[in-house]
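Below is one structure; the comments refer to it alone.
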Amino acid sequence: MIVTQHNDNRRSGANLSETTLKPANINGRTFGKLFELPVVGSAYAQPLFVPGLRIRERIRNVLFVATMHNQVTAFDADTPQAPLWQRQLATSIELPDSQIGPGGYRDIEWEVGILSTPVIDTQRQAMYVVATSRPPRGGAILHQIFMLDLLNGADHRPPVTIQGNAGRATFVSHRQDQRSALLLSQNKAYVAFASYGDQRPYNGWVLSFDADTLAPVGTFCASPQPAGDQGEGGIWMAGQGPATDDAGNLYLMTGNGDFKPAVGNFGDCVLKLGPNLNELDFFSPHNNSDLDANDKDLGSGGILAIPGTEMVIGGGKEAFLYLMDMNHLGGFDPHNDNVLDKIPASITDGTHHIHGSPVFWNGPQGPRIYVWTENDECKAFHLNFLTKKVNHAPVAQTNVNNPDNFPGGAPGMPGGFLTISANGARDGILWALHPWSQDLNQAIGEGVLRAFDAISLAELWNSRTNRTRDDFGNMAKFCPPTVAEGKVYVSTMGGLSHKVTLGETALGGPAMINRNDHDLVLGWSGTDNPSHLNVIISSDGLNWANKVTIPNETTPNAVALAFDGSAPPTGRTFIGWTGTDGAHSLNVMSTQDATLQNWSNKHTLNEQSDHGPVLLFFNGRLFLAWTGTDNRLNIQSSADLGATWQNKVTLNETSPTEPALAVFNGRLILMWNGTDFANSLNFIESADGGFTWGNKITLGDTSGHHPAMAIGADNIPYFSWAGSGNNLLNLLHSETGTTNGFQVTPNFKRTFTDSASNGPCLCEFQGKMFIGWTGTDSGAHANVAQLSRGAVAVYGLRP
C-alpha cells in the first residue's frame, strides 16, 4: 500500500513488503514494461496504490493518478483497461499565464493543475488533493483542497478554497506554487507552498485542514515579517512532503529568504513544527547569508526522518547532507554547523544539487542512506546507529555514464529520484528515475528508469536497453517511481517523446500511414537530384528499415500516402506526387506488395499544382486534395484505385502550400494555412463525401506550412503544425471531441522545442499517436516521434 509520497510519513522511500521483485529476476529477459495507462495531462505527482478496493463489484488493486490537467483517475493497477473512474476537478491554467511566474517562466510547461502528490486515508476511503485553477469566467487564480471518495471520485465534502494570514503576510494564490506533497497526520491534512520561479513577493506556507470536515485548523508562515514585503522561504523540497516523527511533529526545509528567527523568518532552514504548526525548533547552516545571496536553497531537498531513530537527514543545493537530532536540530551558529554530522554527498561546488530527499534501507550490511545528486553517480552511505554518524566515504556507488559519458549518465538537473523495494532486510532493489541525456532544468526531456542491486549498486536493468519495449518517454521531474506488489509505476510528462532522427533527408514534409496496426509507412521526397520518391517501414515506430526508392519517379515537393484498409499483404498502398514535368501534373500509383518494392497502376491526372497533393482512403473511395496553380483548394475522389476521378470540387479558399485531409466522426476534414496576412490555420468539413463543405473554422494560430490532424485511440483529435516565424512544432487537442473544440479557451496548446521546415504529419498506430516532420537541421533529416497526452508506464515480470 502506497498512500503518500515516498511511501510513508517518515518519507523513507522504502516498500519493505515486496516479495515478488528481487535482484535475481530483474533483467532484460524477465522484467520490462507491461503496458501504459493513459491520462490527460502531465503527471508530476507520484502514483498512489491501494490494494483490495471493491470497485464495480470486484476486489481490485487500484492505482490513483493525478495530473496537471486537474484530472484524477483510478485504474485497475494490474490490467490495461479503461479507468475505473476519472474526474476533472477544475479547469487547469494554460501556460504561459501573465499571473504565473516571471517572464519566460519554464519551470512548469503547458498547464498548471494538480502539481503535488495527493495523500490517501484508507479508513475514510478518501483522497486529499489540491488543485490550482481559475474560474471558467475568469477571476483570480485559486487553490482548493478536495476530499474525494476512493470508490468513485465524488466529493466527500465540498472543496475548500485555501487562504491564510500570518504577521504581515497574506496568502496570494497566483504567487504560491503547491509543489510539496500533501501530508496526512493527527487527523489533519497538511499543505505546503513555495513560489513560481521565485517571483516575489511570495511566502513559504504550511496550512492544515481537519481530515473530516476540511475546515482550516492551522497556519504557519516561514516569512511572516518579510523584509521589504518580499517574503520568500518557500517550502517546495522538489516535491517531497513534510516528514513526521512518532509524535506527529513535522520536519521540512525552506528555500532562500529572509533569516531572522527572532521575528519568525526562516529562510534556508530545517524546521520542526508541532502538529498545530507551532514552531518548535530549527537549524540553519552557518553560511545562511551565502546560501540566500547565491541561490543555494537548502530547501531544494526534503527531510528523511530515519525510521527507528530520532534522527532526520536532508540537504540542498550545496550537496551537504545534514544529520540532525530530532530533539535538538542545531539552531544557528555563524561559525559552526551544530548537527550530528555533515556529509558531502557529492562535490560541494553548487553544481551537484540534491533534489527531493535521500531514501533509507536497513539491509543485511546495516543502515544505509541513498542519494543521487545531479552531475554525479548515485551513492550509498553507511549510518551508524550507535555513534549517530555517517561514514563519509560511500560504501557503494553506481557506475553509470551512458549515454553522454558523464557521471550519472546525463549532465545537469535534477539528478535521480529514488525508491527502495525489499522483503524486509532481503532482496533490496534501488529504483531510480533520472534524465536520459540532457539537463532538464526548465525543459521537458526523456528519462530512464534504472534498477540497482541495493547492496552493490550494480545496475540490474534500465528502460533504455530495450527501448522499443521499455522506454516510457518524458520524465516527470522530482517524481519517484511507485513500487507495489510486483509492479513499478512511472509517471510521465506526455508531450513529444521517443524521437527517432532517420539518416534520410527530405525535400518536403513527410507523409505517414498506418497499415492496420501491422506497420507504419513513412514517405518523403529525397534531397538527391532529381528528388526521388522514397518509402520506409516500421513495425513499432522506433525502428525503421527496408527503405525503397521508387525508380523513375521524382518530385520537387512533398509526397502523399494512403492505404485502403485491407489486411497486408493484400491491402493496397497508394502514393501521390507532383511530377517534374513542365505542367507539374498530379500523379497517383499503388501497390499490393507489402514490402513496397513493386509499384504499378500509375495515373497522371489532368490537374496541376506547385505543391504536393494529399491522399486519403475513406468509405471505399480514394480522395485527392491539392492546391491549384491559382492557389485555390480542390478535392476529388476515385472509386477505381485512381484510374478515373469524379466529383471535383474547387473551394473558394486559398493556400500558399498543400492542404491536409483527415476523417473524424464520419466526416471529411480539410485543413490548410490561409493566404491571409498571418497564414491562419483553417478547417472545413464535409458530411456527404466531399460534395459540399461547411462549418469553416479559423484558428488564432498561424503557420507557413500545412497543418496535420489525426484521431487518437481515445477518439480525441490531435492537431499539429509548425509555428510561424520559429517553425516550432505545436499540438492541440479537442477536449470536446469536435473540430469546434480547437477553439475552446483555454485550449492547452503544447509547443515543443523541435522545429520543422515543412508541415508535419500525424498518424495513430497501435494505440499511440506518431508525428513525422522534416527537421530544420542543415541536412533536413526526417524525424518520427510519439505524442502523448500523458501516461503512467507499468513495469513488472514478463510472462
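The values are calculated or read from the model by the stated rules, or taken from the named source; none is laboratory data. These numbers come from a predicted model, not from an experiment. So basically every Cβ, Gly included, is an ideal-geometry build from the backbone, and we count neighbours across all protein chains shown. Quick note on the areas: whole protein, heavy atoms, side chains included, nothing else; ligands and nucleic acids left out. Shrake-Rupley method; radii C 1.70, N 1.55, O 1.52, S 1.80 Å.
Please determine whether any residue of segment 159-179 is in contact (Cβ under 8 Å) with a residue 40 or more places away in the chain, under 26 Å from the mean Cα position of the chain (by Cα) and either open to solvent by less than 10 Å² (accessible area, probe 1.4 Å) or more than 27 Å from residue 222 (Cβ to Cβ) (or both).
Scanning segment 159-179, I find at least one residue that is in contact (Cβ under 8 Å) with a residue 40 or more places away in the chain, under 26 Å from the mean Cα position of the chain (by Cα) and either open to solvent by less than 10 Å² (accessible area, probe 1.4 Å) or more than 27 Å from residue 222 (Cβ to Cβ) (or both), so the answer is yes.
Being assigned to a loop (DSSP other than H, G, I, E, B) and charged (D, E, K, R) is the filter; apply it to segment 534-564 and report the residue that is farthest from residue 774 (Cα to Cα).
564
Does residue 418 qualify as being part of a strand (DSSP E or B), under 24 Å from residue 106 (Cα atoms), at pLDDT 95 or above and not charged (D, E, K, R)?
So residue 418 fails the test.
Kindly list, by first and then second residue, each pair from a residue in segment 211-225 that is among the polar types (S, T, N, Q) to a residue that is open to solvent by 20 Å² or more (accessible area, probe 1.4 Å) and in a loop (DSSP other than H, G, I, E, B), limited to pairs with Cβ atoms under 7 Å and residues at least 6 apart or on different chains.
223/258; 225/167; 225/168
Each row is one residue, and each column tells you yes or no for (1) in a strand (DSSP E or B); (2) out of contact with any helix residue (DSSP H, G or I) (no Cβ under 7 Å at 6 or more places or on another chain); (3) crowded, with 16+ Cβ neighbours inside 10 Å; (4) modelled with pLDDT of 95 or more.
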site	(1), (2), (3), (4)
153	no, yes, yes, yes
184	yes, yes, yes, yes
191	yes, yes, yes, yes
213	no, yes, no, yes
220	yes, yes, yes, yes
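For segment 399-407, check the following and say yes or no: at least one residue is assigned to a loop (DSSP other than H, G, I, E, B) and touching a strand residue (DSSP E or B) at 6+ places or on another chain (Cβ under 8 Å).
Yes, because at least one residue in segment 399-407 is assigned to a loop (DSSP other than H, G, I, E, B) and touching a strand residue (DSSP E or B) at 6+ places or on another chain (Cβ under 8 Å).
Hey, does segment 565-584 have a residue that's without any contact (Cβ under 8 Å) to a residue 24 or more places away in the chain, touching a Phe, Trp or Tyr at 6+ places or on another chain (Cβ under 6 Å) and either part of a loop (DSSP other than H, G, I, E, B) or buried (at least 20 other Cβ atoms within 10 Å of the Cβ) (or both)?
Scanning segment 565-584 turns up no residue that is without any contact (Cβ under 8 Å) to a residue 24 or more places away in the chain, touching a Phe, Trp or Tyr at 6+ places or on another chain (Cβ under 6 Å) and either part of a loop (DSSP other than H, G, I, E, B) or buried (at least 20 other Cβ atoms within 10 Å of the Cβ) (or both).
Pick from 757, 724, 778, 734: which is more than 25 Å from residue 469 (Cα to Cα) and open to solvent by less than 10 Å² (accessible area, probe 1.4 Å)?
Answer to the check: 734.
So in segment 30-52, with the set limited to residues that are open to solvent by 10 Å² or more (accessible area, probe 1.4 Å) and hydrophobic (A, V, I, L, M, F, W, C), which one is nearest to residue 112 (Cα to Cα)?
Among those that are open to solvent by 10 Å² or more (accessible area, probe 1.4 Å) and hydrophobic (A, V, I, L, M, F, W, C), it is 40.
Only residues that are free of Cβ contacts under 8 Å to residues at least 60 places away in the same chain, among the polar types (S, T, N, Q) and under 23 Å from residue 9 (Cα atoms): list them for segment 356-414, please.
373, 384
Can you pull out every residue in segment 390-414 that is open to solvent by less than 40 Å² (accessible area, probe 1.4 Å) and of a type in the set (Val, Ile, Thr)?
Within segment 390-414, 390, 398, 400 meet the criteria.
If you take the residues of segment 11-29 that are among the basic types (Lys, Arg) and more than 27 Å from the chain's Cα centre (by Cα), which of them is least open to solvent (accessible area, probe 1.4 Å)?
22
Identify the residue in segment 467-497 that is touching a Gly at 6+ places or on another chain (Cβ under 6 Å), closer than 25 Å to residue 544 by Cβ and not acidic (Asp, Glu) and, among all such residues, is surrounded by the most Cβ atoms within 10 Å (Cβ to Cβ).
The extreme case among them is 494.
If residue 648 passes every condition in (1) among the charged types (D, E, K, R); (2) in contact (Cβ under 8 Å) with a residue 12 or more places away in the chain; (3) part of a loop (DSSP other than H, G, I, E, B); (4) surrounded by fewer than 18 Cβ atoms within 10 Å (Cβ to Cβ) but one, which one does it miss?
(3)
Applying the selection to segment 653-691, what residues are free of Cβ contacts under 8 Å to residues at least 24 places away in the same chain and not in a strand (DSSP E or B)?
Hits for segment 653-691 are 666, 676, 677, 687, 688.
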